[in-house]
Amino acid sequence: MIRLRFSALALAAATLVLSSGFALAQSDAEQPNPPRQSWSFSGMFGIYDKGQLQRGFQVYKEVCSTCHALSIPFRTLADPDGPGFSEDQVRTLAATYQITNAEPNEKGEIFKRPGTPADNIPRPEAYPNDQAAAATLGKAPPDMALLAKALKFERGFPWFILDGLPGLEYQEMGADVIHGILNGYTKPDDLQWNLYYPGHKIAMPQPITDGAVAYKDGTQPTLENYSKDVAAFLSWAAEPNLPERKRIGLRVLIFLLVFAVLLYFVKKRIWESAH
């Protein structure tokens, strides 16, 4: 009797697993995950590519900034672990923007002034706030400062476990989603159909195509390059301290390894006489 019950339970469990697997496979077929890309900042020793980040900022400035805000200070663009622009370049760039001063002048009037490196990159002129953007576009476009950390997708078992292991870690999911969405407009007759956007319907028509931005360093002006460069730039914007965290983590691992070796020899020396 017990064996029959056990067999029935095992059969039910196997059926449940198979049906779940079939449903998952069917779901994946309907909504594929964006393909995994190769990034310079992936892995334990990965760092940002300064040239790629500078090109990504150019794509943001010339294309994405029309609708999307990027709430980071101008001065961060001079980060040596990031885009690495010179201080003069950042100062010149900031001065091309008009910033609404936080305090009124002597007459009590709010006024605009040229930007400084301490200012945040201002919102698009056409959409000074989310309400104005929503009134025009139907929904306010998201701020891109943390976009690369906010975009995720389900990897399923056992990948979500392996993604956290050294040597197998997968922390570039947001960059892959951005790259996938920009390349996911695969139906020319439907401008808002996107292969990798959840539900395949996205409010944003294809924002960029080949030749839209003329790179200053001679890189080919293709959609593939645009999407990778802006995805890398937004990854840096969302996590500018990533290289420093990796350096600290490596130092901690080395310390723990040396400490463990010392503890082993100390233990061996102390207990040597007892044996």
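Where a number appears in this text, it was derived from the coordinates with a stated rule and is not lab data. For clarity, every value in this text was computed on a predicted model and none was experimentally measured. Cβ atoms come from the backbone with ideal geometry, glycine included; neighbour counts cover every protein chain shown.
Some observations on this one:
- What separates the Cα centres of region 132-178 and region 47-74 is a distance of 17 Å.
- With 19 Å as the limit, the listed pairs K50/K228; K149/K228; K139/K187; K50/K152 have K139/K187; K50/K152 beyond it between alpha carbons.
- The percentage of C-alpha pairs in the chain whose separation is greater than 32 Å is 43%.
- In order along region 48-57, the Karplus-derived 3J(HN,Hα) couplings, from 6.51 cos²θ - 1.76 cosθ + 1.60 at θ = phi - 60°, round to 6, 8, 4, x, 5, 5, 5, 5, x, 5 Hz, and Gly and Pro are given as x.
- Distant-in-sequence amide H partners of R36 (H built 1.01 Å from N, under 5 Å): none
- Exposure rule at most 14 other beta-carbon atoms within 10 Å, DSSP loop GluC sites (Glu not before Pro): the chain longest free segment: 170-275
- Only one residue of A150, L256, Q54 has its Cα farthest out toward the positive end of the dipole of the chain, where Lys and Arg carry +1 and Asp and Glu -1 on Cβ, and that residue is L256.
- Of the trypsin sites (Lys or Arg not before Pro) in region 210-275, the ones in a loop by DSSP (not H, G, I, E or B) with at most 13 other beta carbons within 10 Å are K216.
- For K112, the aspartates and glutamates whose Cα comes closer than 13 Å to its Cα, not counting residues fewer than 8 places off in the same chain, are E103, E125.
- Taking chymotrypsin sites (Phe, Trp or Tyr not before Pro) as exposed when their DSSP state is a loop state and no more than 14 other Cβ atoms lie within 10 Å, the longest site-free interval of the chain runs over 112-275.
- Note, ³J(HN,Hα) from phi for region 64-77, Karplus 6.51, -1.76, 1.60, rounded to Hz, x at Gly and Pro: 5, 5, 4, 10, 9, 7, 9, 7, 10, x, 4, 4, 5, 5
- Three-way shape call for region 26-164 based on the alpha-carbon gyration tensor, with the a/c threshold at 1.5: oblate
- Distant-in-sequence amide H partners of I99 (H built 1.01 Å from N, under 5 Å): R113, G115
- Overall form of region 163-251 per C-alpha gyration tensor (a/c, 1.5; a/b vs b/c): oblate
- Using only side-chain charges placed at the Cβ, +1 for Lys and Arg and -1 for Asp and Glu, the dipole size of the chain relative to its Cα centre rounds to 1060 debye.
- Pairwise centroid distance, computed over Cα atoms, of region 220-275 with region 87-107, Å: 39
- Amide H contacts of L70 (H built 1.01 Å from N, in plane; Pro and chain starts excluded): M144 sit under 5 Å, all sequence-distant by 5 or more or on other chains.
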